[in-house]
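The structure under discussion appears below in the form of structure tokens.
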Amino acid sequence: MKFSSLLFIACIFFSCTHKSSLLENSYGISRSLSYMSMDIDIDSISLTYYPLNTSYKYNGDEYFLGYNFDTHAFDIFNLSTKTTSHIELVPEGPDGLLNVRGIYAHSVDSIWVFTDNIISLVDSAGKVKERIDLPLADEIPFIETNFTVCTSKIYYHFIRNSLFYLTFSVENNKNIFSVHEYSPTDRSVKKYPLKAIENHDFRNQYGWKQFPNVTFSEENIIYNFPIESNIYLIDIKSGETTSYGGKSLYTSNNVTTLNSPFNFTQGNRHLSENVHFYELLYDPHKKVYYRLHFDRIDFDTKTDFYALCSSKDMYLNVFNEKMEVINETKLDRYKYNYRNCWGILNKGFFIAKDNMLDEDKNYEQFQIDVFYLE
């Protein structure tokens, strides 16, 4: 199925929420999106979505690996043969792993796992081959996959033999962010400060949206903030930061403020009645970037909060290597999971079909749609 690009046919702009700090988009040649569906039968212990996930190739097959919070295991789906397997993890002992917060698979036997300021290298049998205590000073490692807060991931750079991760510190009651590059060889740390066009007070003014989204490629640290449409790339070699516009043609491009302290209901209202920009994911196969964002919806205390989140409109933006917008597509409503079960496969960008309001959902299958450029 094909989606025609919405880039040049939009007629509604939300100028009332634009700020001078929002950068203007650059546009490339418009490209259309197609998608293919992939459904895999699951066993009694597998899940239908995985907020913590990664992918890798082995012997010509492509694999999806997701962390199962219920069983404390890695559930593995062979996307080529449509079969499943598991890696059981243990909570204690020399191979113990607790409170898994981030995963990155470099290969079948090299799975990096973040747990409470420790990064462990795990093999395909669940054995810990290496354990690294990250250096702690004023800056605290922050790996998170939370639809209310942010998405920040760990990354292993094979060429540089180093690990990348987000950190934060508090100065003058404000959150200060940087990415650390840690070298296991000599235990050295290189720091990359993360800055926004505007000096936002993330800690005190934006409800739960207090942290940046951070992902990586071989060349760049890629980050943005849930509160606005701007996009930032840090060149890993030079350390230089470049800023880009990433405005949607169909939604607001920043959020209203919610000052601390606030209660749970106020936090839910703020989350519901504002857009939320998710992380950018680089596709090294097609050399493009994908970004999801969710539109606002009226808050109603009589409606289940998760049902409200599930009914939000969802948009997928595609950027070329020059960070020019080449597609913006509104995805089907009541179809996709909003809890971070998405990523990059060889074919393109995938997202789990696991919406609680989808009356046709098959809970006996792990179901994804893979979007790709024509």
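Couple of notes before you dig in:
- Long-range tail of P(r) for the stretch 159-208 (Cα pairs > 11 Å, %): 72 percent
- When each of Lys153/Lys286; Lys153/Lys247; Lys209/Lys302; Lys57/Lys129; Lys82/Lys322 is checked by Cα-Cα distance, pairs over 30 Å: Lys82/Lys322
- Low-density loop positions, chymotrypsin sites (Phe, Trp or Tyr not before Pro), the stretch 126-158 - DSSP coil, at most 13 other Cβ in 10 Å: Phe158
- Here, the stretch 71-161 yields an orientationally averaged convex hull projection of 7.6 nm² when only Cα atoms define the hull.
- DSSP-loop trypsin sites (Lys or Arg not before Pro) across the stretch 245-332, with at most 15 other Cβ within 10 angstrom: Lys287, Lys302, Lys322
- Shown here for the stretch 41-101: GluC sites (Glu not before Pro) in loop regions (DSSP other than H, G, I, E, B) with at most 16 other Cβ atoms within 10 Å, namely Glu92.
- Accessible area ranking (1.4 Å probe, heavy atoms, ligands and nucleic acids excluded), largest first, for Asp332, Asp313, Asp186, Asp283: Asp186, Asp332, Asp313, Asp283.
- Take the Kirkwood radius over Cα pairs of the stretch 147-261, plug it into Stokes-Einstein at 4 °C and 1.567 mPa s, and you get 86 µm²/s for translational diffusion.
- Square roots of 5 times each gyration tensor eigenvalue, C-alpha, the stretch 267-374, largest first, Å: 26, 18, 10
- Think of a 1.4 Å ball rolled over the protein heavy atoms: the chain then has 44 Å² of accessible area per residue.
- Heavy-atom accessible area with a 1.4 Å probe sorts Asp123, Asp133, largest first, into Asp133, Asp123.
- Dimensions (Å) - the stretch 140-188, Cα atoms, principal axes, largest first: 35, 26, 11
- Chain lengthening between Asn199 and Asp43 when straightened (0.36 nm per residue, less Cα-Cα): 51.3 nm
- All Cα-Cα separations within the stretch 108-182 were binned at 5 Å from zero, giving a P(r) of 3, 14, 23, 24, 18, 10, 5, 2, 1, 0, each value a whole percent of the pairs.
- Fraction of accessible area attributable to carbon and sulfur, the stretch 40-138 (%, probe 1.4 Å): 47 percent
- When each of the peptides 339-347, 232-240 is scored by how many other beta carbons lie within 10 Å of its residues on average, the order from highest to lowest is 339-347, 232-240.
- For the chain, the direction-averaged projected area of the alpha-carbon convex hull comes to 18.9 nm².
The values are calculated or read from the model by the stated rules, or taken from the named source; none is laboratory data. Note that the structure is predicted; figures quoted are calculated from it, not measured. We place every Cβ from the backbone using ideal geometry, glycine too, and count neighbours over all the protein chains shown. Side chains are part of the model used for accessible areas, which takes the heavy atoms of the whole protein and leaves out ligands, DNA and RNA. Shrake-Rupley method; radii C 1.70, N 1.55, O 1.52, S 1.80 Å.
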